[in-house]
Amino acid sequence: MSNTEPDPAERTVCDGPPTGTAEPRADLLEPRDVPLGGPRAMRVRRTLPHRDLRMVGAWCFVDSYGPTDLGGGPGMQVPPHPHIGLQTVSWLLDGEILHQDSLGNARLVRPGQLNLMTAGGGIAHSEQTPAEHSPVLHGVQLWIAQPERDRNGPAHFEQHADLPVLTEDGGRITVINGELGGATSPARAYTPLVGAEIALRPGGRLRLPLRPDFEHAVLALSDPVEVDGTALTTGSLLHLGEGRREVLLSAESASRALLIGGAPFDEELVMWWNFVARTHEEVVEARRDWEAERTGPSPDRFGAVPGYDGAALPAPEPPRARLRARPRARHLER
């Protein structure tokens, strides 16, 4: 998924979570509404990066959308756009999305399947609601920052339709990334992390084990969901600091939520548009390379997306001020 904001804000992170606190933090974050591809496009709820929190472990971007009735609109229509230094995680509850990329992959993602794209030094892809589709679209896309040792490596794509599922009296847990409760996802990971969908039955309660050296967050995909007694509505996210060994989710009616977490990411990042970099110069260079390829005859760094009928997405104007590092969360700003 692309960040299609015409004037994307600088998003930067650095140091890890605070030390010396008596209790783990628990901060409730509300999303902002963003058009995906223009003012007439589908709306999404963007929860990360947030003005108060920029990352949860290596997870650095969270968009959720739907349930959207596709009877009156085109659904998701995101033209080819570039990425560097990240993995995209596509997860659906309802509907279908056609993924096409510059490696030549053309895959539908459906509910219960994981589409995982690794950008490395550069890749381009598009995302569309296919011509033949279900009436409702409901899902989430997230980005995972790649660490320094891997972020300039080769791009690749993987799809996983057989993910481990834990079934309890209160509901079902699908392990999308990393490990939870002894179940491990086959998806490639570059940092210690976890991602899992929680499907709560009516009146269900699920107590999830957490690694105390991870920070975690729970995103409500439908509502109402309670997390350790805090009520979440669709698109809101409860950030849970380090030091926790479990979290309790409950719901009076059937509900869905997403657990994400990971070891605190201690590398400085600069995020702008669809790029996860380390310096201002890298962002400027990536934008220049994309625009040169988009308007020129010979794609090189990012590549063309075969099979897409239409123009690629132009990059926003270059950042007006020099991008600089700031703490990963507002409470760490000095």
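Some points to look at:
- Ranked list, fewest to most other Cβ atoms within 10 Å of each Cβ, for R278, R43, R256, R322: R322, R43, R278, R256
- Highest to lowest packing among 137-143, 289-295, 210-216, 30-36, scored as the average C-beta count within 10 Å: 137-143, 210-216, 289-295, 30-36
- Cβ crowding within 10 Å ranks S255, S298 as S298, S255, fewest other Cβ atoms first.
- Long-range HN-HN contacts of V225 with modeled amide H, under 5 Å: L232
- Overall, the range 123-261 carries a charge dipole of about 140 debye about its Cα centre when +1 sits on the Cβ of Lys and Arg and -1 on the Cβ of Asp and Glu, all other atoms neutral.
- Of the labelled figures (1) 21; (2) 25; (3) 38, only one reflects percent of Cα pairs over 33 Å apart as derived from the coordinates, namely (1).
- Assuming charge only on the beta carbon of Lys and Arg (+1) and of Asp and Glu (-1), the dipole of the chain about its Cα centre is about 360 debye to the nearest 20.
The numbers here are math on the coordinates, done by the rules we state, and not lab data. Quantities reported herein were computed from a predicted structural model and do not represent experimental measurements. Counting neighbours? That spans all protein chains shown, and the Cβs are built from the backbone with ideal geometry, glycine included.
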